[in-house]
Structures are given as structure tokens and as C-alpha cells.
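Notes to accompany the following structure.
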Amino acid sequence: MAYLGPVTWPPAPIRTGRLVLRAPEARDRAAVIELYASPEVGTYIGGARSREELERAIPQVPTERPGGFVVELDGATIGVVTLDRRDAENFPRQVVGKVELGYLILPEFWGHGYATEACAVALDWFADALPAEPVALVTQTANRPSVRLAEKLGFTEVERFEAYGAEQWLGVRAAHVPSV
């Protein structure tokens with residue numbers, strides 16, 4: 001993945017009614033390892049990874065790059081939201097060069113609207129930072145909750161394709177679409 005480009009980073013923490021989105025810090029590392037080690041989280045992203053592998057691979061400050069937010073609830077890290085520019089690897093031309101929204105939330109926090117809230121505020125930040133840019137979202141078609149979230153956030157399906165051994169859903173959100 002490539003970086004966003006000329007974006008002032010990190011922004012001030014972004015607050016919603018319940019959440020804070022902020023740049024990652026060293027204190028977030030354990031929660032990020034938990035995310036990627038979770039079998040539930042790994043279901044639609046190629047499977048969980050071993051803690052040993054993650055301990056070696058994840059830097060002291062995880063996802064430290066423009067567009068990489070941690071999601072905090074009551075002072076605890078519960079997930080991540082990323083906005084990254086896609087390269088050509090395994091993705092159709094509609095995604096190459098576009099910024100892709102990604103998110104992971106710890107399973108114990110599923111079903112409370114946190115992913116929708118966090119993604120909506122991240123998209124608002126992005127629209128302010130790079131207002132002319134559309135955003136893509138790719139998820140497995142089997143991940144119905146993620147497809148519903150994408151549609152709720154204003155993404156429109158443009159294609160389905162095979163990648164990573166599964167059918168993928170590709171949605172694009174035009175620039176300046178108001179969030180939820």
C-alpha cells in the first residue's frame with residue numbers, strides 16, 4: 001500500500017459522541033496484536049495470525065502512517081481504521097491508485113455501531129483533507145455486515161472479483177458524500 005500523499009499528519013484527535021480516533025501510540029500495540037490474532041477478525045481477511053509472528057512483525061508504534069487511526073472507547077483501543085492508497089497487487093483497475101477504507105474492530109465490540117461511527121468520522125476527515133478524492137472499499141461478499149456498512153456509508157458496488165480465494169465486493173464512494 002502507498003501512503004496518502006500531502007496530508008498533514010497526525011491530525012488532532014477526532015472525537016465522536018462515543019469514540020476517539022487518533023494517531024497510533026506505543027500503548028496501542030497490544031490491542032493491534034489482539035486484532036490480528038483474533039480468529040473472528042481474521043475470518044474475512046485471510047485468517048488469524050500467530051501472536052509470535054505478530055510480536056515480531058508489528059512495530060512498537062503500530063500503523064504509524066498518514067491515514068492510520070486507532071479507535072478508542074473510554075480510553076481503551078478497540079480497533080483501527082485505515083485510509084491507504086492501493087497499489088496494483090490483486091486488485092482491479094477501479095481500485096488501483098484510489099484510497100481504500102479499511103477497518104478492524106475487536107469482536108467484543110461488534111454490534112454496537114462503533115465501526116460505522118469510526119469509519120464515518122474517518123471519511124469526513126479524509127473529505128476535508130483531500131476533498132476531490134473518491135474512496136474505495138473492498139470486502140468479501142460473504143462478509144454481509146461489512147457490505148451493509150459500506151452501503152450505509154455511501155459506497156456503491158461497482159464490481160465483484162476473485163482474490164485471496166474468495167469473491168470480493170468492490171464499492172466506491174464519490175468525493176463529498178456526507179457521512180452517516
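Check Tyr44 against each of (1) without any contact (Cβ under 8 Å) to a residue 24 or more places away in the chain; (2) surrounded by 15 or more Cβ atoms within 10 Å (Cβ to Cβ); (3) assigned to a loop (DSSP other than H, G, I, E, B) and name the one condition it does not meet.
Only one criterion in (1) without any contact (Cβ under 8 Å) to a residue 24 or more places away in the chain; (2) surrounded by 15 or more Cβ atoms within 10 Å (Cβ to Cβ); (3) assigned to a loop (DSSP other than H, G, I, E, B) is unmet by Tyr44, namely (1).
Could you run through the stretch 6-21 and say how many residues are closer than 17 Å to Ala129 by Cα, out of contact with any helix residue (DSSP H, G or I) (no Cβ under 6 Å at 6 or more places or on another chain) and assigned to a loop (DSSP other than H, G, I, E, B)?
Looking only at that region, the number is 7.
Restricting attention to the stretch 67-105, report how many residues are of a type outside the set (D, E, K, R) and modelled with pLDDT under 75. Can you show your working first?
First pass over the stretch 67-105, keeping only residues of a type outside the set (D, E, K, R): 67-71, 73, 75-83, 88, 90-92, 94-97, 99, 101-105.
In the following step, the residues that additionally are modelled with pLDDT under 75 were identified as 88, 90-92, 94-97.
Result for the stretch 67-105: 8.
As an exercise: evaluate Ala31 against (1) within 16 Å of Tyr114 (Cβ to Cβ); (2) touching a residue at least 40 places away in the same chain (Cβ under 8 Å); (3) loosely packed, with under 13 Cβ neighbours inside 10 Å and give the number of the one condition it does not meet.
(3)
Hey, any hits in the stretch 90-99 for a residue that's buried (at least 19 other Cβ atoms within 10 Å of the Cβ) and under 19 Å from Ala23 (Cα atoms)?
Checked against the condition, which is being buried (at least 19 other Cβ atoms within 10 Å of the Cβ) and under 19 Å from Ala23 (Cα atoms), the stretch 90-99 yields at least one hit.
As an exercise: evaluate Glu117 against (1) closer than 20 Å to Arg22 by Cα; (2) among the charged types (D, E, K, R); (3) free of Cβ contacts under 8 Å to residues at least 24 places away in the same chain and give the number of the one condition it does not meet.
Here Glu117 clears every test but (3).
What are the pairs, 6+ residues apart or on separate chains, where a residue within the stretch 122-145 that is touching a residue at least 40 places away in the same chain (Cβ under 8 Å) has its Cβ under 6 Å from a residue that is of a type in the set (Lys, Arg)?
Val135/Arg173; Ala136/Lys98
The values are calculated or read from the model by the stated rules, or taken from the named source; none is laboratory data. Because the structure is a prediction, the values reported are computed rather than measured. Here Cβ is always computed from backbone atoms with ideal geometry, including for glycine, and neighbour counts include all displayed protein chains.
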